[in-house]
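For reference, the structure discussed in these notes is given below.
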Amino acid sequence: MAKKDDDILKKVTGSEYEFGFVSDINEEIFPPGLNEDIIRKISEKKNEPEWMLDFRLKAYRKWKSMGMPDWAHLRIPEINYQAISYFAAPKKPKYNSLDEVDPEILETFNKLGIPLEEQLVLAGVAVDAIVDSSSVKTTFKETLSNLGIIFCSISEAIQDHPDLVKKYLASVVPVGDNYFAALNSAVFSDGSFVYIPKGVRCPMELSSYFRINAANTGQFERTLIIADEGSFVSYLEGCTAPQRDETQLHAAVVEIIVHKDAEVKYSTVQNWYPGDKDGKGGIFNFVTKRGICEGENSKLTWAQVETGSAITWKYPSTILKGDNSISEFYSVAVTNNHQQADTGTKMIHIGKNTKSRIVSKGISAGYSENSYRGLVKVMKGAENARNYSQCDSLLMGDKCGAHTFPYMEVENKTGVVEHEATTSKVSEEQIFYCNQRGISTEDAVGLIVNGYAKEVIKQLPMEFAVEAQKLLQITLEGSVG
Amino acid sequence: MSNKMLEIKNLHAEINGKEILKGIDLTVNEGEVHAIMGPNGSGKSTLAAVITGKPGYEVTKGEILFYGKNILELPAEERALMGIFLSFQYPVEIPGVTMMNFLKAAVNAKRKYEGKEEMSAAEFLRFIREKQKLVEMDTNLTNRAVNEGFSGGEKKKNEIFQMAVLKPKLSILDETDSGLDIDALRVVANGVNKLRSPERSFIVITHYQRLLDYIVPDIVHILYKGKIVKTAGKELALELEEKGYGWIKEQF
């Protein structure tokens, strides 16, 4: 690990947004606009069954009756939903072997450091790679299917496992849950599907890599993860997008169902293009992620490192329904330049003896605004519920903002809810101390910020922890000095 | 005749428009230990800050040469890499960053500067253990975050420990004795004395003579109102101890 720290420190100096390139992939793109016809076309393109189309249309009608949420501490420019193209996919999106994949796509993922060739995949990470609207290739599928694990694109799951999809889709995030969830339900293009059968420990990290490539498109992926009784899975998503002057919309929905005695760990390294130094361009990241600890003794852990996006609106949440269920939320959210983030979590305690833990670390630099918003709710029947929340903010410079909005609703007298918050600054004294030991300012910021975020970073799977540390430093480059 | 390491010529420096250093001349040769003494507010810490390149100070006149090279335009980290070390009067805490990682970053920055390969993890660990013995540093301190929750004495020992690790050519000890009990003082002084060599020099900034019983200087300067007003051998320190600073204030 220590050796890797150094590699990171060496590697990062001098780069800005590393993934801002555009690939020349032969893609099919729908004309901009959103109406029932477009939705029918998406569904048709994907050869979906009737019930899926109905689901989409119902969601679309619901969406039309709703308005954008305006309670977040964000300045969101008006979004013209008719100017967005809702479907863009590399042509010939189903491949039987790697030889058939557009070499540009393979090159893209190689540039991103995601080798799709199974023999090259290092220490057993199975990857589902999604370019724009379509899943390009899922690796290790056979190894996994021998254990009964299903890991495929949601489009394939709709075809091959309709019963599972029907049963669980929108069971945690209802179609009309919120504006963006409704939009996603109407137009979602692809995403990952995971099913871990009873008693199976998934032997490798499952990972989705999302890539927006085409211009003027939105990305709306849908992820559904089901951990059956006594199973375990660790899942990771990573995201990047090209550097463009116009903003792009990303509205994903993630649903996780954790049955009795099962455990899911969901990690995110989000590095969508944040816009340039003056706040031009970037991704609007409006995401709904929610899991349910359905059965007794189930556990759901969220670990997220959020460094990208022009605007982030995201609250991975857990419904602790099963008795003795546990959920943990670890988050580092970094904003620099003109980025805005309003992010946090919700922990809804329903079952008895349920426990939740929230560790949120915000880092603001430049002119950015960074808010933590969290809700801890203890319902009437949730005897002996416990929550511990810790929200720390780190400020760099004096032009940025950090805000904390904790909400607590406790309806059961036996509940214990604790909240701690701190705000600190990266001081010139700390930087000078490092400089005086020969450590450059960039490296010093990297050290200090990674020290601050350590509690969260250590929750990530090893390979991604390294990636995350690197990202933190790159994101904050030039923010001090 | 030994080589000139540090030459300060007619140095004037101010902070927030207020002139603190008013024409300092000081030459430190290789292998020498200089003590700079003086009453509070005379500019001792400012001098250390200006030599090491701490932001916020403006040099209005004069120059500082390190092995003949003017360092005033160089950033702090480059001066550090050239071999100038400051033992801080008030070392800062860096939460979450272990001493081990911090030192690794520092050691590797230095090795890179010198065109050397980075140390392997095992090599580095051995190296650190060895240095810890030198300053009688508690092993578990290196696993803790930089200065976080360290006692006053531990912080100062930690500074000397870093000095032992980085082996600077010129070490500036800024009031390293302040707030130390006699045992910690001895440990700190021993660390310094073990590092003394014909190539290495020290500037020991102190208010009291006490530290100089343990680190015996070659030359003692008195800094008063931004100027060096008196320079003599180690006996000057004793004289100060005896008479206090009153006579200096009267005379200058």
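Remarks
- Here's the picture: charge each Lys and Arg Cβ at +1 and each Asp and Glu Cβ at -1 in chain B, and of B:224, B:189, B:128 the one pushed furthest to the positive end of that dipole is B:128.
- Folded to 0 to 90 degrees: helix B:99-113 orientation relative to chain B principal axis, Cα: 80 degrees
- For residue A:232, the amide hydrogen comes within under 5 Å of the amide hydrogens of A:200, A:201, A:202, A:263, counting only partners 5 or more places away or on other chains and with H modelled in the peptide plane.
- Cα gyration tensor shape of region B:15-79, rounded if a/c is under 1.5, else prolate or oblate by comparing a/b with b/c: oblate
- A 1.4 Å probe over all protein chains sorts A:261, A:70, A:342 by accessible area into A:70, A:261, A:342, starting with the largest.
- Estimated buried accessible area (total), pair A and B, 1.4 Å, Å² to nearest 100: 2400 Å²
- Note on residue B:178/residue B:117: beta-carbon distance plugged into 1/(1 + (r/R0)^6) with R0 of 56 Å gives a FRET efficiency of 0.90.
- Built amide H within the under 5 Å cut-off of residue B:136, gap 5+: none
- Extreme residue, positive dipole direction of the protein assembly as shown, given options A:224, B:24, A:193 (C-beta unit charges): B:24
- Qualifying GluC sites (Glu not before Pro) in region A:318-404, DSSP loop, other Cβ atoms within 10 Å at most 15: none
- Entry note: region B:103-148 has Rg to Rh equal to 1.00, where both radii use alpha-carbon atoms and Rh is the Kirkwood radius.
- Fraction of antiparallel bridges per DSSP, chain B only, in percent to nearest 5: 60 percent
- Take the Cβ atoms of residue B:216 and residue B:22, set R0 to 25 Å, and the FRET efficiency comes out at 0.25.
- Volume per residue that the Cα convex hull of the protein assembly as shown spans, once the total is divided by residue count, Å³: 177 Å³
- Restricting region B:159-230 to chymotrypsin sites (Phe, Trp or Tyr not before Pro) that sit in a DSSP loop and have at most 14 other Cβ atoms within 10 Å of their own Cβ leaves B:208.
- Coil-residue trypsin sites (Lys or Arg not before Pro) of region B:74-164, DSSP, other Cβ within 10 Å capped at 15: B:116
The values are calculated or read from the model by the stated rules, or taken from the named source; none is laboratory data. Here the structure is a predicted model, which is why all the values come from computation and not from measurement. Cβ atoms come from the backbone with ideal geometry, glycine included; neighbour counts cover every protein chain shown. Accessible surface is based on the protein model in full, side chains and every heavy atom, while ligands, DNA and RNA are left aside. Shrake-Rupley method; radii C 1.70, N 1.55, O 1.52, S 1.80 Å.
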